[in-house]
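The values are calculated or read from the model by the stated rules, or taken from the named source; none is laboratory data. Because the structure is a prediction, the values reported are computed rather than measured. Using ideal geometry, Cβ is built from the backbone for each residue, glycine included, and neighbour counts are taken over all protein chains shown. Surface areas here come from the heavy atoms of the whole protein model, side chains and all, with no ligands, DNA or RNA. Shrake-Rupley method; radii C 1.70, N 1.55, O 1.52, S 1.80 Å.
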Amino acid sequence: PLVVSGPKIKKKVWNAVDAGRKEAVASGTVDMDEFTTQWINRAIAHLAQASQGAPTCTMEPELAAQLFTNLLESGGLPLSLTMEGAAAPVHLVEDLVTTAYAENTASEDSWATAPAAKKQKGDGAWSVW
């Protein structure tokens, strides 16, 4: 099922989900729930970074939950973590996504306290004349 549309948004989401999964694999966890937690949190962190601290501008939390549910149901967990007959922890997804968005969204205060852009030397483009 199509969760995100548009080539730029798809690329941002794909890169974030892929980077988050790689970091979760590299963590060495052997627990499905812990892997899922790390995967979602790191993916949303990457999405926030690619979206200037506002991951909801790229993908709403509801769509992220749908995406991760689809990934888990489609065998997105590493084979080393899947046990015979064990179901993917899709029951955790909504809460994990909500928490990840809350932790990785820049507050409006951080925008207000951002340093002002430096001015260019001279009086603008016409100063050379």
For region 58-82, which residues satisfy the criterion of being among the hydroxyl-bearing types (S, T, Y), assigned to a helix (DSSP H, G or I) and at pLDDT 90 or above? T69
Within region 87-105, considering residues that are in a loop (DSSP other than H, G, I, E, B) and open to solvent by 40 Å² or more (accessible area, probe 1.4 Å), the one modelled with the highest pLDDT: T105
Might you let me know whether region 49-57 holds any residue that is aliphatic (A, V, I, L, M), open to solvent by 40 Å² or more (accessible area, probe 1.4 Å) and not in a helix (DSSP H, G or I)? no
May I ask you to list the residues in region 1-20 that are polar (S, T, N, Q) and either assigned to a helix (DSSP H, G or I) or touching a strand residue (DSSP E or B) at 6+ places or on another chain (Cβ under 9 Å) (or both)? N15
Scanning region 28-48 for residues that are over 17 Å from L92 (Cα atoms) and at pLDDT 95 or above, which turns out most open to solvent (accessible area, probe 1.4 Å)? H46
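For the structure I just gave you, tell me whether S110 is at pLDDT below 95 and either loosely packed, with under 10 Cβ neighbours inside 10 Å or touching a Pro at 6+ places or on another chain (Cβ under 7 Å) (or both).
no
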Enumerate the pairs (first residue in region 1-24 and farther than 17 Å from N104 by Cα; second residue anywhere and at pLDDT below 90 and of a type in the set (A, V, I, L, M)) with beta-carbon separation below 9 Å, excluding pairs fewer than 6 apart on the same chain, so at least 6 apart or on different chains. K10/V4; W14/V4
